[in-house]
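Shown next, in structure tokens, is the structure this report addresses.
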Amino acid sequence: MAATGEEAAEMDCISRVSLAHPTVLSLGGSSEPRGEPGETASEGQEVVTAAPKKPIIINSSDGGVETAEEAVEPAEPDINELCTDMFDKMAVFLQGELTGTCEDYHLLENMNKLTSLKYMEMKDISINISRNLQDLNHKYASLQPYLDQINQIEEQVSSLEQAAYKLDTYSKKLEAKFKKLEKR
């Protein structure tokens, strides 16, 4: 609900008073800065803290008096301290990020070294296999004449076997004829 008339003027007055600097506001007209008990200011420095809440009297249109307490913004901390704190925390954060990235690169470097070693081992193994295969091919080539002789002997044995079978069948036929002639 929007404020109109007197209420708007009173709210405007309240907002102007609450925006003023805390050292300007004082209850007893004192111009000394207010601070927490126990706080001291060194020479040339001013202790600025939130002023205590000041009661504000608001007249309402129905004749009654309402009281409210003014909301005062807390005093701003020293910007240099905040900047230093922010830069320290940012440095810690960035250091952590860079350390993590560095560790990732070291891990990647170690993995690459191990992979390189594995490939070198595999290269040595493949060279040995190739050398052994060449040796086997040379041995096979040196054995080839003997294998050819074995193939020739096998062919001769099979032809002899065929001749033996033919001779056996012929001898059986002769024997059968001889027995037939003998019986007559």
Requested in this report: Would you mind calculating the gained length between Q162 and E182 on full extension (0.36 nm times residue separation, minus the Cα-Cα distance), in nm to one decimal?
Outcome: 4.2 nm
Report summary line: Whole-Hz Karplus couplings 3J(HN,Hα) for the stretch 131-136, θ = phi - 60° and coefficients 6.51, -1.76, 1.60, Gly and Pro as x, run 4, 5, 5, 5, 4, 5
Query raised in the report: Across the stretch 112-120, in residue order, what do the Karplus-derived ³J(HN,Hα) couplings come to in whole Hz, using 6.51 cos²θ - 1.76 cosθ + 1.60 with θ = phi - 60° and x for Gly and Pro?
Result: 5, 5, 5, 4, 4, 4, 4, 5, 5
Query - Farthest toward positive dipole pole in the stretch 77-184 [+1 Lys/Arg, -1 Asp/Glu at C-beta], among A91, Q134, L117 - result: Q134
Report task. Give, in whole angstrom and from largest to smallest, the semi-axes √(5λ) of the equivalent ellipsoid of the stretch 131-184, with λ running over the eigenvalues of the Cα gyration tensor. Result -> 51, 6, 4
Requested in this report: Neighbouring Cβ atoms within 10 Å as the yardstick, rank R184, R131 fewest first.
Outcome: R184, R131
Query - Segment I150-L98, extension gain: residue separation times 0.36 nm, minus the distance between their alpha carbons - result: 11.2 nm
Query raised in the report: List the lysines whose alpha-carbon lies under 23 Å from that of K113, not counting same-chain residues fewer than 8 positions away?
Result: K123
Report task. Excluding E161 itself, calculate the net charge of residues whose Cβ lies under 15 Å from the Cβ of E161, where each Lys or Arg counts +1 and each Asp or Glu counts -1. Result -> -2
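Readers should treat all values here as calculations from the given coordinates under stated rules, not as data from a laboratory. These figures come from a predicted structure and were not determined experimentally. Every residue, glycine among them, receives a Cβ derived from its backbone with ideal geometry; neighbour counts consider all protein chains shown.
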